[in-house]
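Every number in this text was worked out from the coordinates using simple rules, so none of it is lab data. The model shown is predicted, which means the values in this text are computed figures rather than measured ones. All Cβ positions, glycine included, derive from the backbone under ideal geometry; neighbour counts span all protein chains shown.
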């Protein structure tokens, strides 16, 4: 492990973070948020000094980054950005403890959307903007920003990119990895600008439109309203939000194929079809359950006048299924009051998540699809032991190494879910709250069930529980391996 190059590269990113913090500082000046102004100024000074010292003492040039350095740089960069990004919450006084500030920042950068604030509407505008901005930055990934904006740092960027981007593989859209990162950011910015214009034209105030867009295209879910999207009670807003959540829950490489006019490849993409069909089936199931559960014979105690109308049942099912599948966490209704079959399905969809190469979280649809195809192949081998059959994706054979990686990832993911849930239960958390809290944090989804449901928050969690869930959020965002390998001795040996 080349420690100097790791610290030098992280120092570059910390300096970039200091520059990024100038944006919410400008918002604080504009809205005259005096306490927030000094909070951002102090944070910028601390961040700039730390980044400068790291650059000065560990300056290295023209050194290639191997997989070990890439993992260390990615993990340390996320940790440093989280711990420094928490300072504005703490210094401004909106968070009374540093633990709460770290939880909120981790939730922001990892695009989880879980919050400790009971009343977000009383927060200063600049803090609300910083919450949404952390979602937006984390959506595409701070390392992808780094690779895109600082190609002249004198080191290889592919190891950073592959360690940061979600999914079994990191697709190169262009020969140079820096060009790939820039292209992804151009697509991301286009989606952001388009949504801001659309919801602003729909009647949402400019500040609300910017913050809501930041948390939607990043599939982050932070809202500037206590009741999230339900506050606006607008079918138009829900449709626009749902469309952009779906768009950003798909693999971004598909949009590059669209620019190349390779539409057949997009339509034949196995993961996209699986993702779309999964959402469609889930919407129909939940809508019908909501509608028919109103009758006396099926109600089971569930009564809500909104769902007596089949159209409304589909409206709320449509929005809530997409927000859960993409890991966004926006809320248009209190789904914790829905029938148990719907609540169970929502938690299951949290685990599955969105597409690889998207801003969404979860295990990822491509892994689930490969595991299903691999399972069907094994069933065939039981009946025909001599059968030779390859698992195919998009018409091409998938290597056994990738299938093994998906299987291992699935087992490790569920293992961490079980251990973390048990730890949270040991902290006096009820089972449903513990299971759903860990599930939603690892899937970077946001709200869970029971005491961390869509109309509540994580403020009443014990401090140890908040640190644990912060770890779960980062574990899910870095897809386990980058964070886990950092603790293994083999990573640090030459």
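Overview of values
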quantity	calculated
Order by protection proxy (mean Cβ within 10 Å, highest first), peptides 126-136, 68-78	126-136, 68-78
Distance in nm between pseudo-label sites at residue 262 and residue 309 (7 Å out along the Cβ direction from Cα)	4.5
Ranked list, fewest to most other Cβ atoms within 10 Å of each Cβ, for 279, 82	279, 82
Peptide ranges 432-438, 404-410 listed from the most packed, as the mean C-beta count within 10 angstrom indicates	432-438, 404-410
Cα gyration tensor category, rounded, prolate or oblate, for region 223-346 with a/c compared to 1.5	prolate
Order of 322, 20 - criterion: other Cβ atoms within 10 Å of each residue's Cβ, fewest first	20, 322
Order of 37, 331, 412 - criterion: other Cβ atoms within 10 Å of each residue's Cβ, fewest first	412, 37, 331
Volume of the Cα convex hull of the chain, divided per residue and given in Å³	161
Separation in nanometres of the label points that stand 7 Å from Cα toward Cβ, at residue 488 and residue 425	2.8
Label-point separation in nm, residue 389 to residue 462, each point 7 Å along Cα→Cβ	4.9
Kirkwood hydrodynamic radius (C-alpha pairs) into Stokes-Einstein, region 335-482, 10 °C and 1.306 mPa s, D in µm²/s	95
Potential lengthening between residue 67 and residue 231 on full extension [0.36 nm per residue; Cα-Cα distance subtracted]	54.5 nm
FRET efficiency, residue 58 to residue 190 (Cβ-Cβ, R0 30 Å, nearest 0.05)	0.25
